[in-house]
Amino acid sequence: SKVGIDKLRKLKGGLKDFTMSVLCGNIKQIEEIAKLSNIHFKLIKRLIPGPYVFLLPAKKHIEKQINMKRVEIGIRISSHPIPQAILSVHDTPLFVITASRQMTNKDWWNESFATENLFEYGWELEDISGLDMIIDTGESLHRELSTVIDLREDEITILRQGAGTL
């Protein structure tokens with residue numbers, strides 16, 4: 001929804017310097033919102049679910065929906081059961097942001113800087129106005145970034161090495 005996307009923009013401080021990310025439940029949902037070659041399909045199929053963000057060209061209707069002139073979108077398929085359950089109930093991808101302090105895309109690709117700026121505990125998020133919900137599983141999670149893989153071109157490029165390995 002446009003209201004939801006506007007809330008994400010406000011929480012992230014504008015999103016003009018960010019590639020919008022979408023959490024998908026399966027590869028079919030990826031194909032609905034992003035352009036996907038056969039080679040990239042096979043790679044994604046092999047790696048999901050897992051700690052990866054795939055940077056892909058967005059389809060035109062997504063560019064219009066998020067009201068941005070960006071042609072790329074970050075796609076994630078989490079292996080955690082809670083986001084998987086939410087996505088299966090709603091049967092639609094969800095626009096998401098990372099629980100991090102304010103950063104630019106330039107900062108975000110710097111792994112040590114980005115890791116340092118992730119929120120360590122869920123309670124740190126409680127003071128952020130505008131959040132509708134925080135899901136706390138009670139698990140002790142360490143701060144670790146996803147591996148970001150650029151699939152906008154035919155060549156596969158790792159923009160940031162994180163928890164996921166190739």
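The values are calculated or read from the model by the stated rules, or taken from the named source; none is laboratory data. Everything quoted here is computed from the prediction, not taken from an experiment.
Out of all the residues in region 156-163, is one or more in a helix (DSSP H, G or I), at pLDDT below 90 and either within 25 Å of K7 (Cα to Cα) or among the polar types (S, T, N, Q) (or both)?
Taking region 156-163 as the starting set, the residues that turn out to be in a helix (DSSP H, G or I) are none.
Scanning region 156-163, I find no residue that is in a helix (DSSP H, G or I), at pLDDT below 90 and either within 25 Å of K7 (Cα to Cα) or among the polar types (S, T, N, Q) (or both), so the answer is no.
When you check R70 against the structure, is it modelled with pLDDT of 75 or more and among the charged types (D, E, K, R), yes or no? Even if it seems obvious, please write down each step before you answer.
Numbers: modelled with pLDDT of 75 or more: no; among the charged types (D, E, K, R): yes.
It is false that R70 is modelled with pLDDT of 75 or more and among the charged types (D, E, K, R).
Scan region 1-57 for residues that are at pLDDT below 75 and polar (S, T, N, Q) and jot them down.
S1, T19
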